[in-house]
Structure formats: C-alpha cells, structure tokens
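Scroll down for the structure; my scribbles are underneath it.
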Amino acid sequence: LQWEYVLDCAQQAADNDPTYERMLFIVALLKTLYLRVSELSERTNWQPIWQHLWQDAEGNNWLKVLGKGNKLRDVSVPSALFPYINRYRDYRTQLSSNFNTNAPLVIKNRGSGGMSSRQLRRIVQQAFDLAYDKMVCENFNEEAKALREATTHWLRHTGASQDISTRPLKHMADDLGHASMGTTDQVYIQSDMKERAKSGSSRKV
C-alpha cells in the first residue's frame with residue numbers, strides 16, 4: 001500500500017509539474033531495480049550516465065552499476081520501467097539541447113554533474129512526505145506512520161520483497177549485488193516465511 005501511494009503521488013506531482021519528473025524517475029528506479037542509493041550517486045570513481053542503460057544482442061535491457069566493494073554489475077531492467085525512463089529522458093531532452101548518452105543519469109537543478117547520495121535521499125524523502133500526507137488524509141494512519149520511518153533503503157527492500165516469490169534466487173542475488181545467494185535467502189526468503197507464518201496462523205481446520 002505504501003509503495004502504491006509513493007508511486008502515485010510522485011506521478012501526480014510530475015504530471016502537474018515537470019520539475020518532479022526527476023523525483024518520479026528516482027523512486028521508480030531505486031525500487032524496481034533494487035538499487036542502493038549510492039549506486040545512483042556520483043562518486044570520485046564513478047558517474048552513472050545514460051550510456052549505462054544498454055541493450056544486449058537479444059534485446060534484453062540492463063543498467064550497469066558500481067556496487068559495494070567497487071564491483072561492477074549489470075541489473076536487469078524490466079519493460080514496465082521504460083515509461084518512467086522515457087518520460088525523464090524526454091524531460092531532459094527538452095531541458096538541454098546538449099543531452100546525450102554521456103549525460104549524468106540524474107542531474108542537479110543547479111550546477112553541473114550528477115547527484116550525491118544526500119541529495120538523492122532528500123528527493124526520495126519528498127516523495128515519502130507527499131505519500132504520507134495523502135495516506136493520513138485518507139485515514140491510513142498506521143501505514144502512514146510506518147512510511148514516516150522509511151529510508152531510501154526501504155525502496156530496495158520493497159522491490160526485492162515483492163519479487164522474491166516469482167524470480168529465481170540466483171537472479172535476485174545477481175540483481176541485488178549480493179556476494180552469495182545465502183545473503184539473499186537470509187534477508188528475503190526467511191522474512192517472507194515469517195510473513196507467511198503470520199498470515200497462516202489464524203487458519204481454520
């Protein structure tokens with residue numbers, strides 16, 4: 001429910017004001033590709049650029065990221081994400097005639113270059129705040145309270161938790177950038193089992 005509100009509020013904001021296209025793009029990307037916020041940020045040894053979104057010979061789409069331990073990996077990009085990618089790309093094209101594949105993936109409103117983790121977190125928090133306000137207005141107070149405590153990592157965790165039951169564990173581990181499937185199993189499979197036990201505890205004979 002919280003994710004539906006976050007995405008809906010970010011999309012409404014972008015529909016009403018194009019300057020929010022960046023916010024919509026960031027939350028959609030972090031959640032759908034299970035990214036750490038640092039993997040979308042500019043660092044001394046890495047700048048995410050549009051060229052890192054690439055397609056292989058079979059038409060599969062990928063995003064190249066630099067993860068923990070300075071390890072490069074390619075994250076699979078689902079077709080459902082492309083409407084969000086395309087609308088932000090269109091916005092960037094309108095913003096600058098110099099836009100090309102070497103441009104930073106996400107840009108600042110002022111100044112040049114990509115964004116820091118702190119700046120990205122601030123934008124994500126704006127999306128959370130919009131969703132929180134709407135949830136409170138619609139009497140989802142407990143859910144809103146839980147969202148109030150969320151961090152950017154919540155987007156990564158939410159995306160992976162939703163997909164873990166429908167994708168092979170090895171594929172999830174590779175997209176998440178986990179060194180072993182054991183980490184993925186411990187974090188997501190076991191938490192899923194706890195939820196399953198909770199929902200199943202009140203079943204009738």
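Side notes on the structure shown:
- Using the Cβ-Cβ distance between Glu142 and Asn102 with R0 set to 45 Å, the FRET efficiency works out to roughly 0.45.
- The stretch 36-53 and the stretch 123-145 have their alpha-carbon centroids 29 Å apart.
- Against the compact-protein benchmark of 2.2 N^0.38 Å, the Cα-based radius of gyration of the stretch 85-130 scales to 1.25.
- Cross-link pairs exceeding 23 Å between alpha carbons, from the set Lys71/Lys170; Lys64/Lys108; Lys145/Lys170: Lys145/Lys170.
- For the chain, the longest site-free run once GluC sites (Glu not before Pro) in DSSP loop states with at most 13 other Cβ atoms within 10 Å are removed: 59-137
- Cα extents of the stretch 51-113 along the three principal axes, largest first (Å): 32, 28, 18
- Rg(Cα)/(2.2 N^0.38 Å) for the stretch 1-150, N = residue count: 1.07
- Considering only Gln12, Leu63, Asn45, the residue lying farthest towards the positive end of the dipole of the stretch 1-108 is Asn45, judged by Cα position with unit charges set on Cβ.
- Cut-off under 5 Å, modelled amide H: who pairs with Gly67 long-range: Leu72, Arg73
- Residues within the reach of a label modelled at Asp174 (point 7 angstrom out along Cα to beta-carbon, backbone nitrogen below 17 Å), restricted to the stretch 49-68, are 54-67.
- Within the chain: Cβ-based charge dipole about Cα centre, in debye rounded to nearest 20 (Lys, Arg +1; Asp, Glu -1): 580 debye
- Within the accessible area of the chain (1.4 Å probe), percent carbon and sulfur: 48 percent
- A full extension of the chain between Asp133 and Lys68 corresponds to an added length of 20.0 nm, given 0.36 nm per residue minus the alpha carbon distance.
- Sites listed here are trypsin sites (Lys or Arg not before Pro) in the stretch 1-75 whose DSSP assignment is loop and whose Cβ has at most 10 other Cβ atoms within 10 Å: Lys71.
- Charge dipole (Cα centre; +1 on Lys/Arg Cβ, -1 on Asp/Glu Cβ; no other charges) of the stretch 1-69 amounts to roughly 420 debye.
- In the chain, a dipole from Cβ-located charges (positive for Lys and Arg, negative for Asp and Glu) runs towards its positive end, and of Ile164, Leu29, Leu72 it is Leu72 whose Cα lies farthest in that direction.
The values are calculated or read from the model by the stated rules, or taken from the named source; none is laboratory data. None of the values given here were measured: they were computed from a predicted structure. All Cβ positions, glycine included, derive from the backbone under ideal geometry; neighbour counts span all protein chains shown. SASA here: full protein model, heavy atoms, side chains in, ligands and nucleic acids out. Shrake-Rupley method; radii C 1.70, N 1.55, O 1.52, S 1.80 Å.
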